[in-house]
Amino acid sequence: MSTSPTPSEREAADREAKQKEATEQAALPYKWTQTIQDVDITASIPANIKGRDLDVKLTKTALRVAIRGQEPIIDGAFPHPIIPDESTWTLETIPSGKEVTIHLDKANKMEWWAHVVTSAPKIDTSKITPENSKLSDLDGETRSMVEKMMYDQRQKEMGRPSSDEEKKMEMLEKFKRQHPEMDFSNAKMG
């Protein structure tokens, strides 16, 4: 007898997990979005706050954003390093007051973040659909690496060999053709 959940039970659990995640994220004093390359954070603050009233520290591994003399809006370590010289913060006036906008440039352009700082609740990165990251936006080397990863993932899902395994098999076949005198009946790929 199988104990795995039925599709409707799995759907209900997914919906419940998504709702819990949405509630946790909504409770944060900031909003954040990401692409495979960067993270953008916004936090609303009172209209009377000026840039000099803010305490913003941005390092390779941590972020602190606070209004001087108050509890920090964000204060913690990143789950993964960033490139500080390529990351910025700005203070903007919006209809409802002001907003601190932080742009973080990920050091590793190949991973999704489960949270902005490690002390915050996580999101399920396996559910991310990267429609906002277009392959055409990536540089040549990164793009070819992502395309290879996507190809290998599709091959794996279909139970087929990865691109590296295909290359090895092609090399073996070529070697066999070049050396018909050799017996490969007991050869194992590994």
Residues of the chain: accessible area per residue at 1.4 Å, in Å²?
69
Can you send over the carbon and sulfur percentage of the accessible area for the range 1-99, probe radius 1.4 Å, protein chains only?
53
Calculated from DSSP H runs of 4 or more alone, at -39500 (n - 2.57) each and per residue, what is the 222 nm mean residue ellipticity of the chain, nearest 500?
-10000 deg cm²/dmol
Of the listed peptides 68-75, 107-114, what is their order by residue-averaged count of other C-beta atoms within 10 Å, with the highest listed first?
107-114, 68-75
With R₀ set to 45 angstrom, the calculated FRET efficiency between the beta-carbons of Lys167 and Arg52, to the nearest 0.05, is 0.20
Taking 23 Å as the cut-off for C-alpha to C-alpha distance, list the pairs among Lys20/Lys60; Lys31/Lys127; Lys98/Lys122; Lys20/Lys57; Lys20/Lys127 that go past it.
Lys20/Lys60; Lys98/Lys122; Lys20/Lys57
For the range 51-150 the translational diffusion coefficient, Stokes-Einstein from a Kirkwood Rh over Cα pairs at 10 °C and viscosity 1.306 mPa s, in µm²/s, is roughly 102
Taking Lys and Arg as +1 and Asp and Glu as -1, residues besides Lys148 with C-beta under 12 Å from its C-beta add up to -2
Looking only at lysines whose Cα falls under 18 Å of Lys148's and that sit 8 or more positions away or on another chain, we get Lys109, Lys134, Lys156, Lys167, Lys168
In Å and on Cα atoms, what radius of gyration and Dmax does the chain show?
23.9, 85
Equivalent ellipsoid semi-axes for the range 1-105, as square roots of 5 times the alpha carbon gyration tensor eigenvalues: give them largest first, rounded to whole Å.
35, 17, 12
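The values are calculated or read from the model by the stated rules, or taken from the named source; none is laboratory data. Small disclaimer: the values here were computed from a predicted structure and weren't measured. For neighbour counting, all protein chains shown are included, and Cβ atoms are generated from backbone atoms with ideal geometry for every residue, glycine included. For the accessible areas, the whole protein counts, side chains as well, though only heavy atoms, and no ligand, DNA or RNA atoms are used. Shrake-Rupley method; radii C 1.70, N 1.55, O 1.52, S 1.80 Å.
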